[in-house]
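The structure under discussion appears below in the form of structure tokens.
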Amino acid sequence: LVFFWFLVYFPILFSPMISTLKSFKITGENVRELRFLLYGPVGAGKSSIINTIKSIFEEHQYINCLTASAVTGDSFTRKVSFEKYNVGNVPVTFYDVMGLEKDKLKGVHTEDIISALKGHVPNDYTFKECAPIDEDNRYYILKPTLNDQIHCLVSVIPADKISLMDEEVIQKMKDIRAAASKLGIPQVLFMTRVDQVCTMTQQDVFTLKFQNNCSNRLGVPLNCIFPVKNYSEEIKSDEKLNCMMLEAFTQIVHSANDFVKKNSNEKKRVE
Ligand SMILES: Nc1nc2c(ncn2[C@@H]2O[C@H](COP(=O)(O)OP(=O)(O)O)[C@@H](O)[C@H]2O)c(=O)[nH]1
Ligand SMILES: [Mg+2]
């Protein structure tokens, strides 16, 4: 019966969700696109999230945002640049940065991610492993506008590796979240690879355990954690997968839009 319910329910839900997003307009004036920053450990599925969302909206399998091979588990995003990805005609932009690594000198610097949140980092900037960007850098955006800022921070954690995550990486993530909180930037967490911890039909019951675990380790409220599954081996479009991702995507679009609305109103009051 439950399986039957899924079959009926999901296709019905899926189409209004996608059409609402396709016709979505930003509320804040002068903001061209909502900007999301994806961050998390290497192999968490950041690049795959972008590929999955693009595949849903552009209606073909999108594989240009290179993902790492599951075997090496190493980040393919080695050319650590601040590259942007658009999603069909939806006014959103994703930034995918190289994974956080436990070694202080490896992966993107926490300071770089915080600078990106504030809007100091230009598109396509190549992060330097030796030093974070600062005012002396000629590419540094000195006076960022609301358009340059990140409007929602998306932490990405793989469900099957939460308990194996290094304490140093967790601390880096906490530092970044604390900086985002200070800036008033909304935050959510995408818990990827849920298919690796339970079958898709058991999903609702079983992922709760992992969501709880994630919430405890990272201090993220439970209602901000979205279980998702990315396209990895599937060739054909999968309704259940699309629905989970669209639910999470809809949430970040609303959060980012609220942030933009609030901040453009505040600017108006000051002027
Ligand atoms: N089974 C499964 N594999 C996934 C999922 N998300 C990502 N992967 C795989 O996990 C590996 C790392 O993903 P990737 O997107 O490169 O991680 P990144 O380093 O955070 O960009 C790749 O082999 C992906 O195919 C998922 O939801 N389910
Ligand atoms: Mg990647």
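The values are calculated or read from the model by the stated rules, or taken from the named source; none is laboratory data. Since this is a predicted model, take the numbers as computed values, not measurements. All Cβ positions, even for glycine, are placed from backbone atoms using ideal geometry, and neighbour counts span all protein chains on display.
Among the residues of region 147-163, none is identified as basic (Lys, Arg) and within 22 Å of Phe82 (Cβ to Cβ).
Residue by residue, here is whether (1) farther than 30 Å from His120 by Cβ; (2) in contact (Cβ under 8 Å) with a residue 12 or more places away in the chain; (3) not small (Gly, Ala, Ser) holds:
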| residue | (1), (2), (3) |
| --- | --- |
| Tyr139 | no, yes, yes |
| Arg177 | no, yes, yes |
| Asp195 | yes, yes, yes |
| Cys198 | yes, no, yes |
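Residues in region 159-193 that are buried (at least 17 other Cβ atoms within 10 Å of the Cβ), at pLDDT 90 or above, in a helix (DSSP H, G or I) and of a type in the set (A, V, I, L, M, F, W, C): Ala159, Ile170, Met173, Ile176, Ala179, Ala180. Among the conditions (1) modelled with pLDDT under 60; (2) within 13 Å of ligand 1 (Cβ to nearest atom), the only one that Ile49 does not satisfy is (1).
Condition check ((1) within 15 Å of ligand 2 (Cβ to nearest atom); (2) over 14 Å from Ile176 (Cβ atoms); (3) modelled with pLDDT under 90) across all residues:
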site	(1), (2), (3)
Lys54	yes, yes, no
Phe57	no, yes, no
Gly73	yes, yes, yes
Arg78	yes, yes, yes
Tyr85	yes, yes, no
Val97	yes, no, yes
Gly107	yes, no, yes
Ile114	no, no, no
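For region 140-176, the set of residues classified as over 25 Å from Pro227 (Cβ atoms) and within 16 Å of the chain's Cα centre (by Cα) consists of Gln149 only. Considering region 253-271, the residues that are more than 19 Å from Ser23 (Cβ to Cβ) and hydrophobic (A, V, I, L, M, F, W, C) include one that is modelled with the lowest pLDDT, namely Val270. Checking each residue in region 119-158 for being in a loop (DSSP other than H, G, I, E, B) and of a type in the set (A, V, I, L, M) picks out Val121, Ala131, Ile133, Ile141, Leu142, Leu146, Ile150.
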